[in-house]
Amino acid sequence: MDTLVATGGVARRPSRLSRIVDAYGQELVVSAAVLVLMAVAGAVNRRFLSQTNLTSLFSGNAYVAVAAIGMSMVIISGNIDVSVGSLIGVLATIAGTLAVKGYPIWLAWLFPVLVGVLVDAFIGALVAYARIPAIVVTLGFLSILKGGLISATQGAWIGNLPPAFFIAQFRLFGIPSPICFATVLTVLAALWMRYSALGRAIYAVGGNSDAARAVGIRTRPMVVFIFALNGFFAGIAAILFGTQLQVIQSTVPPNLELNVITASVIGGVSILGGTGTVVGSSLAAVLFAVISSSLIFLNVSAYWLRAVLGLMILATVLADMARRRRIG
Amino acid sequence: MLRKALVLVVGSTLFALPALAAAGWTGGDDLPTNPLPCDNSSVAMAAKPYDGGVPTNPPDRKGKKITVVDVPKLIGIGYFNATSKGIADAAKELGNVSVKTDGPTKANIDEQITFIDNYITQGVDGILFAANDPVAIAPVLKKALSKGIDVVGYDANSTPDARQWFVNQAQFNGIAKSLMDNMAKEIGESGAFAIVTSTFTTPNQARWIAEMSAYAAKCHPKMKWLETVEAQEDNVLSFNAATTLINKYGSDLKGLFGMTSVATPAGAEAITQAKKCGQVAEVGLATPNAMKPYVNKGCVKSVVLWNPVDLGYAAMYVLRSVADGTLKPGATSVKAGKLGELKVVNGSEILLGPPFVYTKANINNFDF
Amino acid sequence: MRISLRSLLRHETVLGVLSVIALAVLARQSDRFFTTDNILNQGRLVSELGLVALTMTFVIVTGGIDLSVGSILGLVAILIGVFWKAGLPLPLAVILAVGLGGVAGLVNGLIITRFRVPPLIATLATLALYRGLAEGISQSRSVRGYPEYFYVLGQGEVGGMPTQLWLLLAGMVVAAVILGRTTFGRATYAVGANETAARFSGVAVDRTKLLIYTASGLVAGLSGAILVSRVTTTRSDMGMGLELDAITAVVLGGTSIFGGRGTVAGTVLGLVLIQALRNGLALAGVKGDGTIVVIGLVLILAILVTNIFGRDGDG
């Protein structure tokens, strides 16, 4: 953005409230959108606000929020990952295969996460050391992972899984575990990125990598590390995704990477790198889920669903731009 | 300017909100429908003259080894794995066919056309296909015919003149009748139901929904259609769609239709997890294996399908008969290996049989 | 702002060598690969992607991206059917629909230049919006039964070559001339290399971008018309995934995703390589899933090899 070209105007010292609004603007915009939509949908159909509906709504989409945590870190560092959907499909299949073959459940949960970390670390190495742009590497891996999955499984369903495997269907203190995972991971990630040196270094790498290097941050290992983190979150998302139903489909979930990227971006993560929070992207993932569900409750004609979704994305983006304009 | 744009965008959103009143049910197409009679009387089908395509100067393939390619809508999903298996089984039985299944990794007509085109160039003897779009696939199939290649379709038809024969798993109106009658039996003549389908542009699903709408208007006029939701061919999306419908309509919803072999088990799962087994019925198309857990627990009473393995098996036999010259235009039946004699209907369609209903009594006898 | 001829040449050479190797290997695997028939046919099949990749080159050279081209293609295809069915004579319907594709591209450009939304986000939103418009306007119905003369565009031949291939070749020449030899082309590179400096140097940055995104939409619409003519029907899901294929071709061809570098010749080479792989691998007996793995590997390896041979400090 052309912030170099100052357009003049004397800045008055903003009030404390407006500073908070400016700093967390996008998160507030997204939260406001969520609440407004929920209120409108609830007004049209009270069942939208019922406990059953809200629980299944948030629980069923929590895995997108988890994946968005990793994606946000990648985007904040100035890169992108369009292969995360294919990766999640592969990892969920690995988890199911291990479980059905009789391996211990904890292994079926943890091994895919490890695989995710390794695959994405490799991608990160290609980006950082071979200096191939992230979009190129991940575009290539999108095809490689997808083709590999089909070759290996032919899309066969994995059934007869042991009941202890379905972690996404467990409840902790009455709350479905996906919601717990998403909330805890978001909070931990947000705190880590704000208060730890390593976490803040991510912003530095994305904001201005030359400056980052100048203050002693080793940008290349950082990029590998950030991608590895992305793989970690993708692995957890894959487990939550794959254990929702009694069978695993061994296919790549359609459009997942677009949804995750959109969630990160709507949540305020700047595609130019350097700003944004994981809280914003998790909130945006929630917004997405609320939009998709509320449009059905609002009886929007099924043929126009995607158009309305596109308009809403555009509206949120324009609102964010308007807010940034005001700050300068 | 920014603010004006914002207002415009939000305003347009609000304009799109009122549901547009649809003539039929959402998800159906607007081709003419032909509902069957409400009772179980059979309708004599008037004999139609052969309307299939004709290959140009095909070489004499009688008794010789032929190479065949099978191009389904997409590869990597269970349903077409099953048809593929049937095709391979038949090829093995016949002994003089070398067949390969290849296709796009998503249900995209453009990619499917490219696949078929490549195989035409490669010079195969026969093409089996399940079309993503009946009209769009016609030009490339006609090109195949013009090069003397035998073309037989299954599961999803093309326009008749683009292929020689089409193996139909069941008539569209027959499936519609079976589905609607089963639903009426479970939820009563004034029950309300919703539909989960793949996409509104998938030809088979659109035909079924259109026929269901016509049949319901004729024979179950008091049953209430609530809405149709798209869920692609994805497990999780279908599950989420079904759960949303259950939550939206609460106790008003008595039944769910699953229009794909993925949507039906996902819907049953949604009903199970919502603890509404017995309160919401799930009726749909699915493979028996996917539904066994729900049928055996009593959550789902009936599953409608045909045998996709048999479908592929029959298609392969039909292609071999065409190549051998034993199945000619104007024939009224064809011999299809262990399936026996299959009837020719509608000019150039070969009927696999009436739709099969799997229930608790018989579902455990099947394994696919 | 001088484009380093050496670095450019280096990537083109790598790509050229790769293409020659690939073509040779594929030709060995099947004797049907290198026939005139097949080559012309492949030219027909790649025209839609090729045209979109040409404008995508301009977009990416400016440092932007356009993810909505597939959706614009689908929207224009639907509009052709809708306008024709509404009673407009077919040529007018096609021109109007393709024109609206240009308008869609213009809207992209306005969102990017006027509201300063980053291109990735803007076109991510319009990807959903335009596809949604296609689905809503068509109500998921197809329009078929066009007059025979319309099919010449997608299925016919002119002087022995497929009609759309002529369009693609003409497009390649025009694009190469504009990008390589006109002020507008130099402005495009300038915007991509350093937008702020370009603005200060007096380059009409916003106007350049607007024109490029409009052209991107217009050409996507044209490809839509070709596709409708080729398959004789309209569907709202036409063109899905086209944007990723186009970006792959452009990037493979040496255009830097960060902007400022790239040539039409590179994109053409990238297209040739991808189409040759798709076709040649199929003829050699590799199935669909294997083919996409190979293309993914080729994409990564091509850039990797270029980076190894290239001087570091690029991109």
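Values quoted throughout were computed directly from the atomic coordinates according to the rules given, and no laboratory measurement underlies them. Just so it is clear, the structure is predicted and the values come from calculations on it, not from any experiment. Ideal geometry is used to build each Cβ from the backbone, glycine not excepted, and the neighbour counts take in all protein chains shown.
Before moving on, here are some points about what is shown:
- Cα gyration tensor shape of chain B, rounded if a/c is under 1.5, else prolate or oblate by comparing a/b with b/c: prolate
- Ranked C:Thr55, A:Thr97, criterion: other C-beta atoms within 10 Å, fewest first: A:Thr97, C:Thr55
- Percent antiparallel among DSSP beta bridges (both partners in the protein assembly as shown, rounded to 5): 30
- In Hz, Karplus ³J(HN,Hα) per residue of the stretch B:276-289 (6.51, -1.76, 1.60; θ = phi - 60°; x = Gly, Pro): 10, 4, x, 9, 10, 8, 10, 10, x, 8, 6, 7, x, 4
- Each Lys or Arg adds one and each Asp or Glu subtracts one; over the other residues with Cβ under 15 Å from the Cβ of C:Phe83, this totals +3.
- Counted without the sites themselves, the longest stretch of chain C free of trypsin sites (Lys or Arg not before Pro) in a DSSP loop having at most 13 other beta carbon atoms within 10 Å is C:3-310.
- Ordering C:Ile300, C:Ile112 from the fewest to the most neighbouring beta carbons within 10 Å gives C:Ile300, C:Ile112.
- Share of alpha-carbon pairs per 10 Å distance bin for the stretch C:35-239, given as whole %: 9, 34, 32, 19, 5, 0
- Ellipticity estimate at 222 nm from DSSP helix runs (n ≥ 4, -39,500 (n - 2.57)) divided over chain B, nearest 500: -12500 deg cm²/dmol
- Estimated vicinal HN-Hα couplings, Hz - the stretch A:215-225 in sequence order (Karplus 6.51, -1.76, 1.60; Gly, Pro = x): 8, x, 7, 7, 5, 5, x, 4, 4, 4, 4
- Pair A:Phe122, C:Ala86: separation of 7 Å Cα→Cβ label points (nm): 5.2
- For the protein assembly as shown, the Cys residues with no second cysteine's beta carbon closer than 4.7 Å are A:Cys180.
- Candidates C:Thr214, C:Thr291, C:Thr255, ranked by Gaussian network fluctuation over chain C, Cα under 10 Å, top entry: C:Thr291
- For the protein assembly as shown, a/c is not less than 1.5, where a ≥ b ≥ c are the root eigenvalues of the C-alpha gyration tensor, and a/b does not top b/c. That puts it in the oblate class.
- Near C:Thr291: Cβ cut-off under 13 Å, other residues only, Lys/Arg at +1 and Asp/Glu at -1. The net charge is -1.
- In terms of its alpha-carbon gyration tensor, the stretch C:12-81 comes out oblate; a/c meets the 1.5 threshold, while b/c is at least as large as a/b.
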